[in-house]
1. Which three extents, in angstrom, do the Cα atoms of the stretch B:426-549 have along their principal axes, listed largest first?
2. If you restrict to DSSP beta bridges whose two residues both lie in the stretch B:426-549, what percentage is antiparallel, to the nearest 5?
3. How many nm separate the modelled label positions at B:D354 and A:A21, each set 7 Å beyond the Cα in the direction of the Cβ?
4. Calculated from DSSP H runs of 4 or more alone, at -39500 (n - 2.57) each and per residue, what is the 222 nm mean residue ellipticity of chain B, nearest 500?
5. Taking the Cβ of B:L108 as the centre, find all other residues whose Cβ is under 14 Å away and add up their charges (Lys, Arg: +1; Asp, Glu: -1).
6. Using a 10 Å cut-off around each Cβ of peptide B:55-61, what is the average number of partner chain Cβ atoms that fall inside?
7. Multiply the residue gap between B:L274 and B:H156 by 0.36 nm, knock off their C-alpha separation, and tell me the result in nm, one decimal place.
8. Where Lys and Arg each count +1 and Asp and Glu each count -1, what net charge lies around B:R76 among other residues with Cβ under 12 Å from its Cβ?
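Nothing in this text is a laboratory measurement; each read-out follows from the coordinates by a stated rule. Everything numeric here is computed off the predicted structure, so don't read it as measured data. Note that we place each Cβ from the backbone using ideal geometry, even for glycine, and neighbour counts take in every protein chain shown.
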Amino acid sequence: MPSIVTANDLRSGAVVYLTGAGGWVCDLPHATVVDGADALKGLEALALASVERNEVTAVYAFDVRLVEGLPEPVSVRERIRAAHAPTV
Amino acid sequence: MYRYDAFDQGFVAERASQFRDQVSRRLAGDLTEEQFKPLRLQNGLYLQLHAYMLRVAVPYGVLSGGQLRRLAVIARRWDRGLGHFTTRQNIQFNWIKLEDTPDIIDALAEVGMHAIQTSGNCIRNVTADPDAGVAVDEIEDPRVWAEAMRQWSTIHPEFTFMPRKFKIAISGALEDRAAVLFHDVGLRIVKGKGGATGFRVYVGGGQGRTPYVAQEIAAFVPRDEILSYLEAIMRVYNMHGRRDNIYKARIKILVNALGIDEFRRQVEAEWATLDKAAINLPAAELARIAEHFAAKPLVKHPAKAPKVEARRKSDAAFARWMRLNVLPHRVPGYAIVNISLKEPGMIPGDISADQMETVAELAERFGGDELRVTYQQNLVLPTVAVGDLDTVYDALIEAALATANTELITDIIACPGLDYCNLANARSIGIAQDIAKRFADPEKAEAIGPLRLNISGCINACGHHHAGNIGILGVDKKGTEHYQITLGGSPKDDAEVGDIVGPSFTAEALPGAVETVVATYLERRLTQSETFLTAYRRLGKLPFREALYGPEKPRRAAASELEIANV
Ligand code: SF4
């Protein structure tokens, strides 16, 4: 299943998503979607380097589905995080 | 209320400056997250779904107007203008930035507040009866002892790295309004022989994955010896508590593994070895603390105020608020006012900065500058002259805080759930809102009578679902949010853990299921004064189960049980 790497920005705690260039973005559609273990490993290495630079914390990958080319988180939890807001 | 002396103030200021240094070292990269995490947690700072969350301590639920004003400043300046009161009588801010926390902690320290003992495996903030000092049924003011325990437990080196967190609750009244039987240690102030007061001590209560009602370990510990007795309990727990398994680490597991008699024997043996005089609170210190809580002299008022009585007759909504949210005070002519943070459709326990300021002003003008937070996520003005009740009510209406629903089905306890919490399985706030809206008609809610409905977003049970007359637990069923209903729980003197009624419901189906449960009760109650809980205890689970799932068939029952085991 395709996946995206996420974290929280160290200073603000905000939800961020990794791009293939090693930077972090707030908008889920701008994140880099990878499919397959090797591609994910590559992203995770970038994320780890960012952790070492004290830019982010709590890094992990989560599953997404592609809907008309755009990533949509599979879990409710990640949908709520991606909205940067509670649902109430 | 207790006012910090130079020692307390110095300690809190020192902690604030240490934390400032820790944060700056983290931001500079001198501390890794692994090194920093225990430090931030010792200062109440969690990382949640969207941001950091700061949990500020409100020791035993007591706040001054000035402190609430400061919380409003924090909400406005560093959060999104909101605070959320919790079931531990604390307040959480959900949108905090790490880089702002040193300034927030300083702002708290200036008004004698902090975020210590709101996280980690220490003795957490002691909770107490929100009506302490003013309740008509009080034997002795529990705040004095809660404050003594705060001082005893704060950064106590032996109790800072325990197997798990440790929660103590105290009630000094005949009626338990602090859910003491659902705490690691529950304390009831009682009168002993000759009228001297002491503590009845309960141990091993708690909710979470393995809920237990606490058991009595001592019928009477003289009050002057309570600190050393508690220390003996802590020692036995610290020695034998399961550090190898987080799910078995709470004292309730130890008490139930050893049995209460063996646990008691070990505590007494330990107690006998302690240098009690060195641990117990010296009489002079007790007197010093007690002085802070001495009742202020109140100007005498008649028990009833004519203008309030007239308003009661002419204004049904005011009369309802008086009936439900206003309680008798130990001094005639005064009242205890419950401020509901449970307007149907709103987020239980949430309060805006503007509302905080309104309440602070009411406390300052009409309430002797004192406020309480309840574990049901409401606020209390503990001392209001009866002649001021209409003025207070009108100000509360202005601030959308005059909902009259204390202890009714819409007075829902709900944890933040999956909208904020990192550990959640399911959302709880939206569910609380949906249910409250179904019962929003105040007449309907009042006709149902006292009914505790509690919601947790996961088995950690911060929303006290086990203790709800109707409890709702969010579970994850193959990636979708489902909700399990428990019935018959109670947090009071007749404490009980609720029974799971059957298979879980989807979020869409749940409010209807709750309506079915309530309708079943209404159809079958013997009289209007038979409460939901009493009726449930008389009727048992079956009629509710049949109303929810259809007539019982042995095979179907077996299948449902299987499903329960799988959620
Ligand atoms: S009960 Fe679970 S979801 Fe709710 S606040 Fe506690 S840990 Fe979070």
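1. Projected onto its principal axes, the Cα set of the stretch B:426-549 covers 43, 29, 26 Å.
2. Numbers: 13 of 17 bridges.
Around 75 percent antiparallel, to the nearest 5.
3. Once both label points are built, they end up 4.2 nm from each other.
4. On the way: 20 runs with 223 residues, N = 567.
Result for chain B, helices only: -12000 deg cm²/dmol.
5. Details: positive: B:R15, B:R20, B:R55, B:R69, B:R70, B:R77; negative: B:D8, B:E14, B:D79, B:D100, B:D103, B:D106, B:E110.
Overall, the nearby charge balance is -1.
6. Details: counts 0, 0, 0, 0, 0, 0, 0.
Going residue by residue through B:55-61 and averaging, the value is 0.
7. On the way: separation 118, 0.36 × 118 = 42.48 nm, distance 1.59 nm.
Gain in length upon complete extension: 40.9 nm.
8. Numbers: positive: B:R69, B:R70, B:R77, B:R80; negative: B:D79, B:D354, B:E357.
Here the charged neighbours net out to +1.
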